[in-house]
Every structure is written in C-alpha cells, then in structure tokens.
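Please read the structure below before turning to the comments.
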Amino acid sequence: MIFREKFVIFAKDEFIMELRRQEVTRYITPLREGGSLPALAEADDGFKYVVKFRGAGHGKKALIAELIGGEIARALGMKVPELVLLDIDEDFGRTEGDEEIQDLLKGSRGLNLGLHFLSGALTVDPYVNPVDEMVASQIVWLDAFVTNVDRTVKNTNMLVWHGETWLIDHGAALYFHHSWRDWEKAAMSPFSYIKDHALLRKASRIEDADKLLRQKITPRTLEKIVGLIPDEWLEWDGVDETPEQLRDVYRRFLTTRLKHSDIFVKEAVNARKSLI
C-alpha cells in the first residue's frame, strides 16, 4: 500500500500541508471499540479507511483531536496512517439494517475523518513487542505534549505493520477542549495521566527525546496543522467564537505547551522513576 505524501518541504522547518478529501462509497463493517463506534469503509479512491464519525462519542472535538494529534506525530517523524477527510452524503447508509449504525450515519452527514486502513496490522503488546527506548521516549513525549490519555496497556492504540510501530487513535487528546475553560492553565499542566502510559517503563530517554523533538516542530508547523481543521468542525453549540478564533486557542495552547515542555517532561521522568 502506498500513501500519498502530504508534506512538501519548501523552506527550513516549514511545510505545505493538506488533507485529501474523498467521498465514502461503501460501509463495510463496524469496529466496535469503546463508545465511538468507528467503521471500516471504502471511499471513491478505491482505498479502505477506518472512519471516525462526527456523530459519535465526543463528535467533532474527537475528530479535531485525531487530526491534530496525528499530524503532529507525523511532523515529528512518527508513523501514522494517512488522514483523509471523508464526506458522507444524505443517501449513504439508508439500507443499513442496524438502527444504531443508521442513526450514527445520519448524524454524521458531512465531513468526517478517515485513517488509511493498515491491512494485516497487529496491536502492539508492550510486554511482547520490542520497542526501542528512544522510540518509546518519543511516543511518551508526544502523548504528554498533546495530553493524550488513551495509550495505556489496556488500549495501546499502536499497531505493528511491516515490522514498524504505527500510532493510531488520538481522539482522546486535547481533553481541555471538552470544557473549553482555562486553556492557559491546561497548557501548563504537567499531565499526571502519563503515569498510565503503555511505554513509560521503556521510555528511558525522555529528556533526550525532548531535545530532539523540539528541533523538529516549530510554532509555524503547529499553526499549519491547526489550520487544517475544517470550519464545519468548529461550529459548536453554545460557543460564540468564530472558527478562526477557536483555531487560535488551539494554536496558543500548543505553542505554550511546546515552549514549556520542561513541565511535562519532568512529570514523565518522575512518573517513570516511580515504576522502576
């Protein structure tokens, strides 16, 4: 399987970023994982995708977290399935017999998000699958940075595909946006949930990872990633801010967190010490 490259270098530390947009043509099967009910589906480009629906779980905010978390990981050089914007039209899913799924599809008309399906990939077991200490440290750093609470031993959200570790499912990241209060305080959080990370025991080089990854990502890169969020995902009930104003909060949250990475790095290092 070949993924289209979405990053074109045109100057040092700067990228042109875009997400392809396709239309879902065939619903294949639900993937009953947690409460989000993603599905395997086919799009009009002939490829299969794991579709994250705007009508499920935490809705549009989960898609925003998936997009931002995944594209930051990719910008840092980590393996992430290609993310694609997927349209679902009014007629799609009308023949679906399962009422729960039909309701989900009706509530997801419009723009959704898909991850390129990695056929034959296996779930990473941190006790069985070898993960390099530096790779583990970088993944721990990433999840502390984007405040991803969902990469635990019970649910690693990592796959082994062609001998490499791939990261999936960042929909639980950026959890501050569910309350949308005190983002400044959240940006400076040490992120205590890192103590539950699946790779924390193996992450012996977190401080080295911090030095390396801070060289790979810039505020300009973060701004471009946040700029990928579609306007229709930023139309929230009870919120007066415009889509651009909401993007600005995400941008400021991430740039503040990057600038003060020593806070969450220290927390991760100390949490690891308590395990070994």
Probe radius 1.4 Å, ligands and nucleic acids ignored: give me the carbon and sulfur share of the accessible area of the chain as a rounded percent. 48 percent
Over segment 81-234, what is the mean sequence separation of C-alpha contacts under 8 Å (at least six apart), divided by residue count, expressed as relative contact order in percent? 25 percent
Using only Cα atoms, locate the centre of segment 124-155 and the centre of segment 187-211, then give the distance between them in Å, rounded to an integer. 9 Å
Taking 188, 78 and ranking on accessible area (1.4 Å, protein atoms only), highest first, one gets 188, 78
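Starting from the Cα-Cα distance between residue 161 and residue 239, subtract it from 0.36 nm times their residue separation and give me the gain in nm to one decimal.
24.0 nm
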As a test question: what accessible area, to the nearest 10 Å², does residue 218 have when a 1.4 Å probe is rolled over all protein chains in place? 30 Å²
Which of [x] 152; [y] 197; [z] 129 gives volume of the Cα convex hull per residue in Å³ as computed here? It is [z]
State in Å² the accessible area per residue of the chain; use a 1.4 Å probe, count heavy atoms of protein chains only, and round to the nearest integer. 48 Å²
Can you give me the angle between helix 243-259 and the longest principal axis of the chain, using Cα atoms only, in degrees from 0 to 90, rounded to the nearest 10? 20 degrees
Around residue 112, which amide H atoms from residues at least 5 apart in sequence, or from another chain, sit under 5 Å from its own amide H, with H modelled in the peptide plane? 86, 87, 88
So the angle from the long Cα axis of helix 133-145 to the longest Cα principal axis of the chain, reported in degrees to the nearest 10, equals 70 degrees
Note down the relative contact order for segment 67-128 as a percent, whole number, built from C-alpha pairs under 8 angstrom at least six residues apart. 37 percent
Starting from 0.36 nm per residue, how many nanometres of slack lie between residue 259 and residue 179 once their C-alpha separation is accounted for? 26.5 nm
If you fit an axis through the alpha-carbon atoms of helix 60-75 and take the longest principal axis of the Cα set of the chain, what angle between them do you get, 0 to 90°, nearest 10? 50 degrees
Residue among 239, 105, 145 farthest towards the positive dipole end of the chain, charges placed on Cβ: 145
Show that you can apply the helix-only estimate: for the chain, add -39,500 (n - 2.57) for every DSSP H stretch of four or more residues, divide by all residues, and state [θ] at 222 nm to the nearest 500. -10000 deg cm²/dmol
Modelled FRET efficiency - R0 22 Å, residue 232 with residue 252, Cβ distances, 0.05 increments: 0.50
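The values are calculated or read from the model by the stated rules, or taken from the named source; none is laboratory data. Keep in mind the model is a prediction, meaning the values are calculated, not measured. A quick note on method: Cβ atoms are made from the backbone with ideal geometry, for glycine too, and the neighbour counts reach across all protein chains shown. All accessible areas refer to the heavy atoms of the entire protein, side chains included, with ligands and DNA or RNA removed. Shrake-Rupley method; radii C 1.70, N 1.55, O 1.52, S 1.80 Å.
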